[in-house]
1. How many residues does the range 35-68 contain that are farther than 20 Å from residue 4 by Cβ, exposed (fewer than 13 other Cβ atoms within 10 Å of the Cβ) and either without any contact (Cβ under 8 Å) to a residue 24 or more places away in the chain or touching a Gly at 6+ places or on another chain (Cβ under 7 Å) (or both)?
2. For the range 29-44, which residues satisfy the criterion of being closer than 15 Å to residue 67 by Cβ and not hydroxyl-bearing (Ser, Thr, Tyr)?
3. For the range 1-23, which positions are over 15 Å from residue 57 (Cα atoms) and under 17 Å from the mean Cα position of the chain (by Cα)?
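The values are calculated or read from the model by the stated rules, or taken from the named source; none is laboratory data. This one's a predicted model, so the numbers in the text were calculated from it and none came from an experiment. Here the Cβ positions follow ideal geometry from the backbone for every residue, glycine too, while neighbour counts run over all protein chains shown.
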Amino acid sequence: MSDKIFCGNGKEFGQYGGINLNICLDDIPEEHTWKGNNGKRYTKLVLSKKKTPDEKSTHYLTVDTWKPSAPSGQDAPLPPVGAGGVQDTEDVPF
C-alpha cells in the first residue's frame, strides 16, 4: 500500500450527519485525475472519520490511489474508468 495523500478535512455538523469539507485541489497529483467522457475532470477521494477528532475537524480526506493490476500478458495498467463508471469506448468499432 502506498503512502496516503492527504488533501483536506471536514467537520460534522447538525443532527443529520452533514459534513463541511475543505479540499485542497493543489494537493491532488495529476496522475490521480482523469477526464471523463463529458470533458470534465474527476478524481476519487476517500472520506474517513478521525480516530481522535478535535474542535476544528472530525474527518479527513485522502486521494484514492488504488489502481487495478494489469491483466495477464499486459505490462500497462488499465486506463481509468470514465465518468458514469464505464470504460472509454471511442475506439470500439461497433
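1. The number of residues fulfilling the criteria is 3.
2. Step one: of the range 29-44, the residues closer than 15 Å to residue 67 by Cβ are 29-34, 42-44.
Selection gives 29, 30, 31, 32, 34, 44.
3. First, pick out the residues of the range 1-23 that are over 15 Å from residue 57 (Cα atoms): 1-5, 15-16.
Once the filter is applied, which keeps residues that are over 15 Å from residue 57 (Cα atoms) and under 17 Å from the mean Cα position of the chain (by Cα), the range 1-23 yields 1, 2, 3, 4, 5.
Here is a yes/no grid of residues against (1) of a type in the set (D, E, K, R); (2) modelled with pLDDT under 90; (3) in contact with a Pro (Cβ under 9 Å, 6 or more places away or on another chain):
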residue	(1), (2), (3)
39	no, no, no
54	yes, no, no
59	no, no, yes
64	yes, no, no
67	yes, yes, yes
76	no, yes, no
82	no, yes, no
87	no, yes, yes
94	no, yes, no
